[in-house]
Amino acid sequence: MIMRQVIFLISFSFALAYGVYFCWQDPSLLKTVVKTTALGVVALWAFVTQAPLLLALALTTSSVGDAALAVPGEVRFLVGLCSFAIAHVFYIVLFSRKIRHFDSRIFIVSGAALSVLVLSTGWWLLPFTGDLMIPVAIYIILIATMGGMAAQVGGWVLIGALAFMMSDTLLAIQLFRLDDISPLQLPVSVALWTLYYCGQMLIFLAISRDRVPVSKFS
């Protein structure tokens, strides 16, 4: 119990330091370490405490994505994009195994909302992604699928997934639609990090507290 509290304190401290200061600073090794540690210690804790394997893997690949995106550059962006895409695949499979009852009404409503999200994002984002159009389009589909699965699970998992999706939307706006000198860069950086970290932690807490083993691989 004490160790769990220590891990969460470390995670929160690094997340707070990144959100308050480092997220809007120039790239540096310290910035990368602070950003990666915030979720990295939670991923390590998930492995140590035998949390669902897919959850631990999703957190780990997300941490890799955090490290890659801490420094600008097209190659690092692709590494980060692929890392988070893999994390979403892990979440999709994990959430699908946590669905206790498939609700057709939720499927219709969430499917319609996510379809609008995908189509609208394709309109305002993809034309500005250049050579990255195809990988970005694939990523949009993956995160929408993750959101659809989370809608079936419901509860804090859904809230966490929505926060995650909102952070990705802000990141896309920041990377592809905002000028580097835009006054919105700072508030967008803080908002997207807050949504991202809170979303991941909500998913982690909701899944790790659910001890109903739907699959030995979940």
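The values are calculated or read from the model by the stated rules, or taken from the named source; none is laboratory data. Everything quoted here is computed from the prediction, not taken from an experiment. A quick note on method: Cβ atoms are made from the backbone with ideal geometry, for glycine too, and the neighbour counts reach across all protein chains shown. For accessibility, only protein heavy atoms count, side chains too; no ligands or nucleic acids. Shrake-Rupley method; radii C 1.70, N 1.55, O 1.52, S 1.80 Å.
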Return the single residue from Ala112, Ala46, Ala58 with maximal mean-square fluctuation; model: Gaussian network over the chain, springs between Cα atoms under 10 Å.
Ala112
Set the Förster radius R0 to 41 Å, insert the Cβ-Cβ distance between Ile134 and Ile2 as r into 1/(1 + (r/R0)^6), and round the FRET efficiency to 0.05.
0.30
Give the accessible area for Thr49 in Å² (nearest 10); use a 1.4 Å probe, count only protein heavy atoms, and leave out ligands, DNA and RNA.
60
By the Cα gyration tensor axes a ≥ b ≥ c (a/c under 1.5 gives rounded; else a/b larger than b/c gives prolate, otherwise oblate), the shape of the range 55-117 is oblate
Just to be sure I understand: with springs between alpha-carbon atoms less than 10 Å apart, which residue in Arg100, Arg177, Arg76 has the highest mean-square fluctuation in the Gaussian network model of the chain?
Arg100
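At a Förster radius of 35 Å, what calculated FRET efficiency corresponds to the Cβ-Cβ distance of Arg97 and Val20, to the nearest 0.05? List each step's numbers first, then the result.
Values: r = 37 Å, r/R0 = 1.05.
The computed FRET efficiency comes out at 0.45.
Normalise the Cα radius of gyration of the range 102-189 by 2.2 N^0.38 Å (N = residues in it) and let me know the number. Mind showing how you got there, number by number?
Values: Rg = 14.4 Å, N = 88, 2.2 N^0.38 = 12.1 Å.
That works out to 1.19 for the range 102-189.
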With an 8 Å cut-off on Cα pairs and a minimum separation of 6 or more residues, tell me the relative contact order of the range 77-179 in percent.
38
Considering the alpha-carbon set of the range 32-186 alone, what are its Rg and its Dmax in angstrom?
16.0, 48
I want to make sure I understand the PRE zone here: with the label point 7 angstrom from the Cα of Val190 toward its beta carbon, which residues in the range 144-181 have backbone N atoms less than 20 Å away?
163-164, 166-175, 178-181
To the nearest Å², the heavy-atom accessible area per residue of the range 89-218 with 1.4 Å probe amounts to 54
Expected 222 nm ellipticity per residue - DSSP helices of 4 or more, -39500 (n - 2.57), all of the chain, to 500:
-27000 deg cm²/dmol
Once both label points are put 7 Å beyond Cα along the C-beta direction, the Ser115-Leu78 separation in nm becomes 3.4
Sorting Trp123, Trp193, Trp24, Trp156 on solvent-accessible surface, 1.4 Å probe, most exposed first, gives Trp123, Trp156, Trp24, Trp193
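Would you mind classifying the range 82-128 by shape? Square roots of the alpha carbon gyration tensor eigenvalues, ordered a ≥ b ≥ c; an a/c under 1.5 is rounded, otherwise it is prolate if a/b is larger than b/c and oblate if not.
Details: a/c = 6.53, a/b = 1.30, b/c = 5.04.
In terms of gyration-tensor shape, oblate.
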Can you give me the distance in nm between label points at Ser104 and Ser13, each placed 7 Å from the Cα along the Cα-to-Cβ direction?
5.4
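Relative contact order for the chain: what is it in percent, counting Cα pairs under 8 Å that are at least 6 residues apart? Walk me through the intermediate numbers first.
Numbers: 257 pairs, mean separation 45.8, N = 218.
Relative contact order, the chain: 21 percent.
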Accessible-area composition of the range 32-93, carbon plus sulfur, in percent [1.4 Å probe]:
79
Using all alpha carbons of the range 1-119, what is the percent of pairwise distances in each 10 Å bin, ordered from the shortest bin to the longest?
13, 32, 32, 20, 3
